[in-house]
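The values are calculated or read from the model by the stated rules, or taken from the named source; none is laboratory data. Nothing here was measured: the structure is a model prediction, and the numbers come from that model. Because the Cβ atoms are built from the backbone with ideal geometry, glycine has one as well, and the counts that use them run over all protein chains shown. Keep in mind that these areas ignore ligands, DNA and RNA; they rest on the heavy atoms of the full protein, side chains included. Shrake-Rupley method; radii C 1.70, N 1.55, O 1.52, S 1.80 Å.
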Amino acid sequence: MANGPASSHASDGLILSHFGVAVEVLFGSGQRSMVRVKRNSGHVVGDRVRVAGEVLERLPRTTELRRRDARGAIHLVAANLDVLGIVVAPMSPAGFVDRAIVAARAAGLRPFLVFNKCDLVQAMSLAEALGGVYAEVLPCFVLSAVSGAGLEALREFFHDGHRGAFVGSTGVGKSSLLNALCPDIDLKVAEVSDHKWLGKHTTTVSTLHALPSGGELVDTPGFRDFGLVDISSQQVAAFFPGFEPLQEHGCRFSNCRHRQEPGCAVGELVAAGEISAERYETYLGMLTEVEVAEEAALRRSWKK
Ligand code: GDP
Ligand code: ZN
């Protein structure tokens with residue numbers, strides 16, 4: 001592996017991999033180097049950095065993607081992503097898609113949907129059913145990571161220069177999809193994991209992969225069992241998929257929850273049939289669920 005840039009001048013780069021004690025940086029020149037960092041430095045994959053000798057300075061971020069682990073702790077996963085791929089397959093939990101869309105938009109990422117396993121009949125019917133709800137509001141890809149059908153459209157989407165990650169419950173095929181899009185993914189990770197600072201059996205925290213056909217994908221092993229951070233009721237009201245017309249014709253109150261408030265644009269769109277009664281019911285269910293969770297969290301904080 002090449003040495004870092006000379007300490008006399010600073011070079012800007014991008015963090016490609018994070019190993020806890022070191023990060024791999026790709027510099028503008030195309031050179032890749034390992035740079036040591038403190039264990040809890042807070043740097044993540046996708047961070048733009050300025051490196052002078054051993055000193056690494058983080059540049060401002062455009063977006064931050066976070067997850068919640070099984071114990072409830074929140075972790076930053078990646079910085080400066082612009083898209084988030086929400087992967088679904090038969091048996092995906094209900095409500096996940098809407099939550100993930102709200103969370104992506106709240107973090108400033110553009111969500112898109114991937115209907116995987118479309119070599120299976122059940123998956124095709126799921127794609128048809130959900131496509132009716134989402135196809136008008138965000139990019140949707142119907143594909144099979146195993147057969148390769150439909151992958152080309154997703155490659156073309158990334159080719160436009162997007163940097164993203166996949167989320168979805170265990171078993172929907174996120175790893176299979178990554179492998180299909182970046183065929184030499186395991187090889188590359190193994191190569192850098194051999195670095196002298198890292199000791200044996202280092203596991204990568206996360207890695208940014210350049211796709212052969214353009215664009216970039218972040219692979220975060222811990223993120224594959226996805227727990228998005230909690231969404232707020234305010235975010236549900238602002239970002240629920242299907243409520244996009246609100247961006248232009250807003251409600252009278254900027255903090256409208258779209259229940260019975262006067263001058264509510266959602267109420268009008270439901271009455272006019274532009275938002276289906278079913279989607280509106282789904283929205284109310286999610287809003288109430290999130291509000292109940294928020295109130296419970298508030299009560300817990302009072303007791304402390
Ligand atoms: P992850 O937990 O989301 O990373 O899912 P995996 O990529 O590990 O896939 C889970 C299972 O689904 C594996 O047995 C895969 O072989 C299978 N799988 C993934 N993609 C497809 C697909 O497009 N079609 C079919 N039939 N099976 C798939
Ligand atoms: Zn409203």
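Summary of values
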quantity: Selection count, region 90-117, where residues are surrounded by fewer than 23 Cβ atoms within 10 Å (Cβ to Cβ) and either part of a helix (DSSP H, G or I) or within 16 Å of ligand 1 (Cβ to nearest atom) (or both); calculated: 9
quantity: Top-ranked residue in region 161-185 [being closer than 22 Å to S33 by Cβ and either open to solvent by 30 Å² or more (accessible area, probe 1.4 Å) or modelled with pLDDT of 75 or more (or both); ranked as nearest to ligand 2 (Cβ to nearest atom)]; calculated: R163
quantity: Count of region 229-275 residues which are within 13 Å of ligand 2 (Cβ to nearest atom), small (G, A, S), farther than 18 Å from P111 by Cα and open to solvent by 40 Å² or more (accessible area, probe 1.4 Å); calculated: 3
quantity: Residues of region 36-60 satisfying the condition of being closer than 15 Å to L208 by Cβ, among the aliphatic types (A, V, I, L, M) and in a strand (DSSP E or B); calculated: V49
quantity: Test result for E128, within 30 Å of S17 (Cβ to Cβ), assigned to a helix (DSSP H, G or I), free of Cβ contacts under 8 Å to residues at least 60 places away in the same chain and not assigned by TED's automatic domain parsing to the domain that holds E278; calculated: no
quantity: Long-range neighbours under 7 Å by Cβ, at least six apart or interchain, first residue assigned to a strand (DSSP E or B) and more than 6 Å from ligand 1 (Cβ to nearest atom) within region 162-180, second of a type in the set (S, T, N, Q) and open to solvent by less than 40 Å² (accessible area, probe 1.4 Å); calculated: R163/N80; A165/T220
quantity: Out of V49, V77, sole residue that is assigned by TED's automatic domain parsing to the domain that holds R110 and touching a residue at least 12 places away in the same chain (Cβ under 8 Å); calculated: V77
quantity: Residue in region 215-227 that is out of contact with any helix residue (DSSP H, G or I) (no Cβ under 8 Å at 6 or more places or on another chain), in a helix (DSSP H, G or I), at pLDDT 90 or above and not β-branched (V, I, T) present; calculated: no
quantity: Residue list for region 23-43, filter: modelled with pLDDT of 90 or more, under 23 Å from R66 (Cβ atoms) and either of a type in the set (G, A, S) or in the same structural domain as A79 (by TED's automatic domain parsing) (or both); calculated: G42
quantity: Options G53, G42, G30; residue that is over 24 Å from V114 (Cα atoms) and open to solvent by less than 30 Å² (accessible area, probe 1.4 Å); calculated: G53
quantity: Hits in region 56-66 - residues which are among the hydrophobic types (A, V, I, L, M, F, W, C) and open to solvent by 10 Å² or more (accessible area, probe 1.4 Å); calculated: L56, L59
